[in-house]
Amino acid sequence: MVNKLAISFAAVLLGFMSLGYVEANTNDYTVVPQTSETQTVYMDTIEQKNGKTYITVDFIEWYEGEEANVIFREKENDSEMTETPDGYYVVNEEMDLLTFEVAEDAQVLMQIYNRTGNIDEADTIWNEEISVDKFFAELSDTSEMNLKEFPYHLEIHEGTIVKITQQFVP
């Protein structure tokens, strides 16, 4: 009887462990692919005008991994530190604000934001799709988590933003 109970317990425990492993491996961070239509930015302002929505952004250069380390060494020239502290590096040498229309059906992918209204419950969910309206509401609310502090990757087609991906920052 004890052996059967121990075997049953072990089987249940292994089942839970394998489910956790599957979830952890299907929900990993992936680098946002950079194309000629992708620009990395900080958000500045949102404006509604003539029934359309516009975002004013500041273009930045976003680097990750070894590429970030190379740029970091070039820009910082610090003999004490040879690698970026967090695996990424941002170059924003001058504030250059540009305004773009946002397509009504633009895809918005978030990594972290205050989903419940309780900042203590904010957690990372990779590439969670939210509506454009929800994104603008969250971006406008700086009371708990200022989403303007995160970089975003924009896909821009013919001067209109069709995709917004929040960049995860460790």
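Looking across the stretch 98-119, just one residue is in a loop (DSSP other than H, G, I, E, B) and aromatic (F, W, Y), and that is Y113.
Is it the case that E101 is at pLDDT 95 or above and either of a type outside the set (D, E) or more than 16 Å from the chain's Cα centre (by Cα) (or both)?
It is true that E101 is at pLDDT 95 or above and either of a type outside the set (D, E) or more than 16 Å from the chain's Cα centre (by Cα) (or both).
Would you check which residues across the stretch 120-143 are in a loop (DSSP other than H, G, I, E, B), of a type in the set (D, E, K, R) and loosely packed, with under 14 Cβ neighbours inside 10 Å and list them? Selection gives D123 alone.
The set of residues in the stretch 69-91 that are closer than 27 Å to I125 by Cα and not hydroxyl-bearing (S, T, Y) comprises N69, P85, D86, G87, V90, V91. Report every pair of residues separated by at least 6 positions or lying on different chains whose Cβ atoms are under 8 Å apart, first residue within the stretch 59-88 and more than 27 Å from T35 (Cβ to Cβ), second open to solvent by 40 Å² or more (accessible area, probe 1.4 Å) and not aromatic (F, W, Y). Pairs found: T82/R73.
The requirement of being open to solvent by less than 40 Å² (accessible area, probe 1.4 Å) and either over 14 Å from I55 (Cα atoms) or in a strand (DSSP E or B) (or both) is satisfied by I164. Each residue in the stretch 69-84 was checked for being open to solvent by 50 Å² or more (accessible area, probe 1.4 Å) and of a type in the set (V, I, T), and 2 of them qualify. Only one entry in G87, G117 is at pLDDT below 95, of a type outside the set (D, E, K, R) and surrounded by 11 or more Cβ atoms within 10 Å (Cβ to Cβ), namely G87.
Scanning the stretch 90-102 for residues that are charged (D, E, K, R) and surrounded by fewer than 12 Cβ atoms within 10 Å (Cβ to Cβ) gives E93, E94, D96.
Screening N92 on (1) closer than 27 Å to E129 by Cα; (2) touching a residue at least 40 places away in the same chain (Cβ under 8 Å) shows it passes everything except condition (1). The residue that is nearest to F168 (Cα to Cα), among those in the stretch 60-97 that are assigned to a helix (DSSP H, G or I) and aliphatic (A, V, I, L, M), is A68. Scanning the stretch 30-68 for residues that are more than 21 Å from W126 (Cβ to Cβ) and open to solvent by less than 40 Å² (accessible area, probe 1.4 Å) yields T53, I55, T56, V57, D58, I60.
The values are calculated or read from the model by the stated rules, or taken from the named source; none is laboratory data. All values reported here derive from a predicted model rather than from experimental measurement. Don't worry about glycine lacking a Cβ; one is built from the backbone with ideal geometry, like all the others, and counts go over all protein chains shown. When the accessible area is computed, the model is the full protein with side chains, heavy atoms only, and any ligands, DNA or RNA have been set aside. Shrake-Rupley method; radii C 1.70, N 1.55, O 1.52, S 1.80 Å.
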